[in-house]
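Q: Before I ask anything, here is the structure I am working with.
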Ligand code: 9MR
């Protein structure tokens, strides 16, 4: 039986970090591998052949014991790389890798083969080749390596790190080796050769820097879609996930899900969390947070199959102390990260919710992306020209129906996206283009009629459910209408609920409940047909845009509907969420572009590490495109704490053609006469109109700022701590650049020194009560500086 060296207070980094020998908060006993199995995921690590060696003179018994007891999947850290496996042309050496594979075999662990094609770890003889010679060498290498292990290595990282941070294929220098010498095809070919050598192996592309909605993640997404379209045998995407204790993982689950939605497996393949050096205060706590978030993000995505750490003890790690990136010290003492991973695994996977969903933001093409968190995928085929239209946010695309013959349908094999004989909820954003005729937003087929239709007619929304699956004219559908009229030309959230136990149907428009429907027959029938978006089997079509359609297999309460109907189009809480709760908002795909480490500050509620600390050098901006249209009504809400008032400093700004379409910032004055200002660039880009706060800005205290601009009236308002403090008027406002960013605490006018928290961006003008509420909800627990 393996004994951890517990009971020892082990000090890392001198006395800076002390790993407690036991963790009082550790609630879930059990081995990681058992808990992982119960959660339907594998837990693993990169391992090295030397300490795994069964010969006690070579191996490390503690290392072997821990790996055997705790892990269910192993990755050879280096032993399967080209320089190890084929150091000279045609001379293969599998001895070290065999040690690992043999160990895994004995302990019933799976093995991830890492990696066949990488620009690094290449022997000199390969680098000297080009053209046909290189192609032949690559094919031989892949074929020989994959064949050698057969079914003992069931998963391969076929291609490793092919992309630049910008999302294009690496080219130039040693990093561009494969593409420059073989052309882009090398990826297709490599997967095909690996597949031929072992047709049952799961083949992965492994990459780093794709853990949020980054240009690299987008580039990879397009690359993978191309591979799939060409029939290349790729089965999974590995997310390396090398992180820092200061990393935030907003968007990880979202990014995993986006690739899973292409029908692929996803996996965390190289998790490690490097500590700050010199050590910060609660380094191990922050490290545990990151380990926990990553594990939770994987569990949140049913097609995420494993979490592999890049080493499990600092004794054998590519980042040993003081970076100390693994879950165990070099004496095998578990750190808080170990207990956190254990607790998260013990909690298991969250329930699938929603059961089907379509983001509908494919830029072009005909496959409507299924963004479901359900293990079942329901990809929909859209009619030509229906996708790629303007969405709710500048970077977000939408489906647009012509009202005549366009729609999207699930494939027959993927039909029955929802069950209609039990409770369900449909949630959708739509921008109607007309109120002509009977228009259907969504429906699902029965054998003879639609099992439900959700749409609008005569200017009112409706949910219709027929009593029976028959075209018999005597059987009218049950139909509930909204009282709120359909408004054309703007995005509205509409939800329909069938609450089977109560027998009441319900409709919600923009988060507000319509009067309750009458009692319906609760014997609703089960349909098994095709799900339609923007159309019905009876030939009714939707005229206008549809985005973010979600199907839940339960009656959502009004609080959840209200959250789905939230006008928030961007939110940055800086709390480290994985993105799930703001899935469609692309929450906090914010980056720090400088090489400066991110730092965390105590927030206004006295919670440690829950606000972002800025020293004037960090560059925080959003990725993936502008979150809001600045030439339409909008509001910005943010909490800010100034370290000083020594110069002008920007809180929020956005990318425009030359200057930001708005600035929310500090304007330094003379003496102590410093003010907050909200500046809006007019539509022709010729003038910045400024609203200046009556209140003075001071360093030290947390301040709540809200800026609003109304497209209808041109009114600009600046609120400080819940009350209006400055106003002005500008009748038009410049547009933000579609692929630009929202900047947080940074611009040419001066970076912020202090802290920022809870940035919220709305595509509408907030009312005074809403703004007071935003301010007051924090007031009772406000931290006294
Ligand atoms: O941890 C690995 C280190 O021991 C090797 O020297 C290095 C070069 O082969 O590779 C390290 O592992 C890398 C992995 O193969 C790919 N993703 C990044 C990892 C850390 O650099």
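Q: Have a look at 268, 237 and point out the one that is within 16 Å of the ligand (Cβ to nearest atom), under 22 Å from residue 71 (Cβ atoms), crowded, with 23+ Cβ neighbours inside 10 Å and free of Cβ contacts under 8 Å to residues at least 40 places away in the same chain.
A: The unique qualifying residue is 237.
Q: Another question about this same structure. So which residues in the stretch 606-634 are surrounded by fewer than 16 Cβ atoms within 10 Å (Cβ to Cβ) and within 23 Å of residue 287 (Cβ to Cβ), if there are any at all?
A: Those that are surrounded by fewer than 16 Cβ atoms within 10 Å (Cβ to Cβ) and within 23 Å of residue 287 (Cβ to Cβ): 606, 607, 608, 615.
Q: Then there's this: What is the one condition in (1) without any contact (Cβ under 8 Å) to a residue 12 or more places away in the chain; (2) in a strand (DSSP E or B) that residue 718 does not satisfy?
A: Every condition holds for residue 718 apart from (1).
Q: Output the qualifying pairs, or none if there are none: Cβ atoms under 8 angstrom, residues six or more apart or on different chains, first residue in the stretch 475-499 and loosely packed, with under 15 Cβ neighbours inside 10 Å, second residue at pLDDT below 95 and in a strand (DSSP E or B).
A: What qualifies is 475/466; 476/466.
Q: Which residue, of 318, 293, 310, is in contact (Cβ under 8 Å) with a residue 60 or more places away in the chain, within 16 Å of the ligand (Cβ to nearest atom) and closer than 20 Å to residue 41 by Cβ?
A: Values: 318 fails: closer than 20 Å to residue 41 by Cβ; 293 fails: within 16 Å of the ligand (Cβ to nearest atom).
Selected residue: 310, the only one of 318, 293, 310 that is in contact (Cβ under 8 Å) with a residue 60 or more places away in the chain, within 16 Å of the ligand (Cβ to nearest atom) and closer than 20 Å to residue 41 by Cβ.
Q: Taking the stated definitions as given, is residue 64 crowded, with 18+ Cβ neighbours inside 10 Å, more than 14 Å from the ligand (Cβ to nearest atom) and without any contact (Cβ under 8 Å) to a residue 40 or more places away in the chain? Write out each step before concluding.
A: Working: crowded, with 18+ Cβ neighbours inside 10 Å: yes; more than 14 Å from the ligand (Cβ to nearest atom): yes; without any contact (Cβ under 8 Å) to a residue 40 or more places away in the chain: yes.
Yes, satisfied.
Q: Sticking with this structure for a sec: Go through (1) under 29 Å from residue 499 (Cβ atoms); (2) over 30 Å from the mean Cα position of the chain (by Cα) one by one and return the number of the condition residue 407 breaks.
A: Unmet for residue 407, out of (1) under 29 Å from residue 499 (Cβ atoms); (2) over 30 Å from the mean Cα position of the chain (by Cα): (2).
Q: Mind listing just one residue for me: the one in the stretch 80-90 that is within 10 Å of the ligand (Cβ to nearest atom) and surrounded by 16 or more Cβ atoms within 10 Å (Cβ to Cβ) and, of those, farthest from the chain's Cα centre (by Cα)?
A: Out of the qualifying residues, it is 84.
Q: Being in a loop (DSSP other than H, G, I, E, B), more than 28 Å from the chain's Cα centre (by Cα) and buried (at least 21 other Cβ atoms within 10 Å of the Cβ) narrows it down to one residue among 684, 693, 733; which is it?
A: 733
Q: I need the full set of residues from the stretch 191-225 which are within 16 Å of the ligand (Cβ to nearest atom) and surrounded by 19 or more Cβ atoms within 10 Å (Cβ to Cβ), in order please.
A: 204, 205, 206, 207, 209, 210, 211, 216, 220
Q: Kindly provide the set of residues from the stretch 531-573 that are closer than 15 Å to residue 440 by Cα, in contact (Cβ under 8 Å) with a residue 24 or more places away in the chain and surrounded by fewer than 21 Cβ atoms within 10 Å (Cβ to Cβ), ordered by number.
A: 537, 538, 543
Q: Is it fair to say residue 323 is surrounded by fewer than 23 Cβ atoms within 10 Å (Cβ to Cβ) and out of contact with any strand residue (DSSP E or B) (no Cβ under 6 Å at 6 or more places or on another chain)?
A: When the stated conditions are applied, residue 323 does not pass them.
Q: Next up: Tally the residues that are away from the ligand (no atom under 16 Å from the Cβ) and surrounded by 20 or more Cβ atoms within 10 Å (Cβ to Cβ), restricting the search to the stretch 142-151.
A: Going through the stretch 142-151 one residue at a time, the tally reaches 3.
Q: Now for a separate question. Name every residue in the stretch 97-136 that is away from the ligand (no atom under 16 Å from the Cβ), touching a strand residue (DSSP E or B) at 6+ places or on another chain (Cβ under 7 Å) and over 18 Å from residue 182 (Cα atoms), in order of residue number.
A: Within the stretch 97-136, 101, 104, 109, 110 qualify.
Q: Then there is this: Yes or no: residue 452 under 20 Å from residue 360 (Cα atoms) and buried (at least 17 other Cβ atoms within 10 Å of the Cβ)?
A: No.
Q: When residue 165 is evaluated against the numbered criteria (1) within 16 Å of the ligand (Cβ to nearest atom); (2) in a loop (DSSP other than H, G, I, E, B); (3) at pLDDT 95 or above, which criterion, by number, is the only one it fails?
A: (3)
The values are calculated or read from the model by the stated rules, or taken from the named source; none is laboratory data. Keep in mind the model is a prediction, meaning the values are calculated, not measured. Don't worry about glycine lacking a Cβ; one is built from the backbone with ideal geometry, like all the others, and counts go over all protein chains shown.
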